[in-house]
Amino acid sequence: MATTNDLKNGTTLKLDGGELWNVVEFQHVKPGKGGAFVRTKLKNVTSGKVVDKTFNAGAKVEFANVDRREMQYLYFDGDSYIFMDTQDYEQLPVSAAVVGDNANYLLEEAKVTVAVNEGNPLYVELPAAVELVISQTDPGVQGDRSTGGTKPATLQTGAEIQVPLFITTGERVKVDTRTGDYLGRVNA
C-alpha cells in the first residue's frame, strides 16, 4: 500500500474491486480552506475509459505491479498474437481482444511494448508511427495535386486509411498508430 503522495504519471493503481487504472494526470491541490486533496485523471487499462477521480491527500491507494517489457511480434496463430521477450526469448500469447485495433499496424518482427500484470497481458503499446507499404489504391488521375482530396488505400496489414491522391500502390508511407492518419511518404 502507498499513499496519494506517491502518485506519478504512468503509475498503475488497483481500484474498485481490482480494476486496473493508469494515472494520466495528477495534481496536488491545497485550497485556502479545508484539507488538501489530489485530483487525478485515470484511464482504465482494459476498456480505455477515462475518468476524473479525487482522493484526499495522504489516502491509501494500492499500486499494481505492471511489468512493461519490450517484445517482438512473431505471428498470429488464429486465436492469439505471439510475442517474444527480447531479453530471455520467452514467448507470450496475447489475445486478439487485448491487441485490439493495434493489429492494423502490426508487422512481423516489429518491436512493441507489452504490459503484463500477474502473468496476464494488459495492453500492447506500438511506436507512435510505423512505416507500411500501400498494397492497393486507385491510381491517381491527371490533374491530381498534392493539395486537395484524399482517397482510400489498403495497407499491407489489411487496414484501410485515407491518403492524398498522388500516392500509388507499392509506395511506403508513415502512419500514426494512435489515429490511423497518413503522415507522409517514406523514401526508400
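The values are calculated or read from the model by the stated rules, or taken from the named source; none is laboratory data. Bear in mind the structure is a predicted one, so any value in this text is a computation, not a measurement. Cβ: placed from backbone, ideal geometry, glycine included. Neighbour counts: every protein chain shown. Surface areas here come from the heavy atoms of the whole protein model, side chains and all, with no ligands, DNA or RNA. Shrake-Rupley method; radii C 1.70, N 1.55, O 1.52, S 1.80 Å.
Here are some notes:
- The range 67-93 and the range 23-59: distance between their alpha carbon centers, rounded to Å: 34
- On full extension, the segment bounded by Ala2 and Arg69 gains 21.7 nm, given 0.36 nm per residue less the C-alpha separation.
- The protection proxy used here, the mean number of other Cβ atoms lying within 10 Å of each residue, ranks peptides 99-108, 61-70 as follows, highest first: 99-108, 61-70.
- Accessible surface, 1.4 Å probe, highest first, among residues Tyr81, Tyr89: Tyr89, Tyr81
- Largest mean-square fluctuation among Asp52, Asp16, Asp85, in a Gaussian network model of the chain whose springs join Cα atoms under 10 Å apart, belongs to Asp16.
- Contour minus Cα-Cα distance for Thr169 and Asn120 (0.36 nm per residue): 13.7 nm
- Residue with peak Gaussian network fluctuation, the chain [Cα springs, cutoff 10 Å], from Lys60, Lys43, Lys33: Lys33
- Prolate/oblate/rounded call for the chain, Cα gyration tensor, a/c under 1.5 rounded: oblate
- Amide H contacts under 5 Å for Leu106, placed H, 5+ residues apart: none
- Gaussian network model of the chain, Cα within-10 Å springs - most flexible of Ala115, Ala97, Ala36: Ala36
- Helix-only mean residue ellipticity at 222 nm for the chain, each DSSP H run of n ≥ 4 adding -39500 (n - 2.57), per residue, nearest 500: -500 deg cm²/dmol
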